[in-house]
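Everything on this sheet refers to the single structure shown next.
The values are calculated or read from the model by the stated rules, or taken from the named source; none is laboratory data. Predicted, not measured: the structure shown is a model, and the values here were computed from it. For neighbour counting, all protein chains shown are included, and Cβ atoms are generated from backbone atoms with ideal geometry for every residue, glycine included.
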Amino acid sequence: MFACPVCHAALNRTSAPGGLVWICPKCNGRAVNLAVLRRAVNQQQFNRLWQTAWEGAVHTDRKCPSCEKPMVEVPLMPPPDPLVLDACRACQFVWFDASELEKIPAAPAPAPTPEEEFRRLPLEAREAIAMEKVRQMAEQTRREEMPSRSPEPTVWWEVLPAIVELIAD
């Protein structure tokens, strides 16, 4: 069972859009795994956070909710609105005090698929697109079913048999 590094209360395992997070019921802090965090926040901020955790971070008195080893402080934003997180390099957990996660820019929403874009169109537009596709399919079928004509002559001697046939009649 994970314990809050701030108030030592048992953390509640909670499903989030990107995966599982552990939330403290007393102080509302959150332990977020690196894989979940990578999907939730801006890529540049994520890279900066993890690079700082490895390069120049200072150990803190707070213990990792998972392995209980000291975490490292990760300064992300300077004053006047500083943001200093705690991270466990071994467990790849990042601790967010209440409202700290909201300070990091969120990851951009994924681009909609063509099917999602199509569903967002008004009904009249979707019907017009469908009718045009049906027309194109019918035209393609008509072209495939037409008997093929013999190709047009490209040199003068290909015309000669037709001329001889006209004269013979």
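Tabulated values for the structure
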{"item": "Members of region 43-60 that are under 17 Å from ARG30 (Cα atoms) and surrounded by fewer than 16 Cβ atoms within 10 Å (Cβ to Cβ)", "result": "none"}
{"item": "Some residue of region 119-140 being within 17 Å of ARG39 (Cα to Cα), loosely packed, with under 12 Cβ neighbours inside 10 Å and modelled with pLDDT under 90", "result": "no"}
{"item": "Subset of region 1-14 [of a type in the set (A, V, I, L, M, F, W, C), assigned to a loop (DSSP other than H, G, I, E, B) and touching a residue at least 12 places away in the same chain (Cβ under 8 Å)]", "result": "PHE2, CYS4, VAL6, CYS7, ALA9, LEU11"}
{"item": "Any pair with Cβ under 6 angstrom, 6 or more apart, that starts in region 54-76 at a residue that is in the same structural domain as ALA90 (by TED's automatic domain parsing) and ends at one that is among the acidic types (Asp, Glu) and surrounded by 13 or more Cβ atoms within 10 Å (Cβ to Cβ)", "result": "ALA57/GLU73; VAL58/GLU73; THR60/GLU73; THR60/ASP86; ARG62/ASP86; MET71/ASP86"}
{"item": "Residues of region 65-109 satisfying the condition of being out of contact with any strand residue (DSSP E or B) (no Cβ under 9 Å at 6 or more places or on another chain) and closer than 19 Å to ASN47 by Cβ", "result": "PRO78, PRO108"}
{"item": "Residues of region 1-42 classified as exposed (fewer than 12 other Cβ atoms within 10 Å of the Cβ) and modelled with pLDDT under 80, total", "result": "1"}
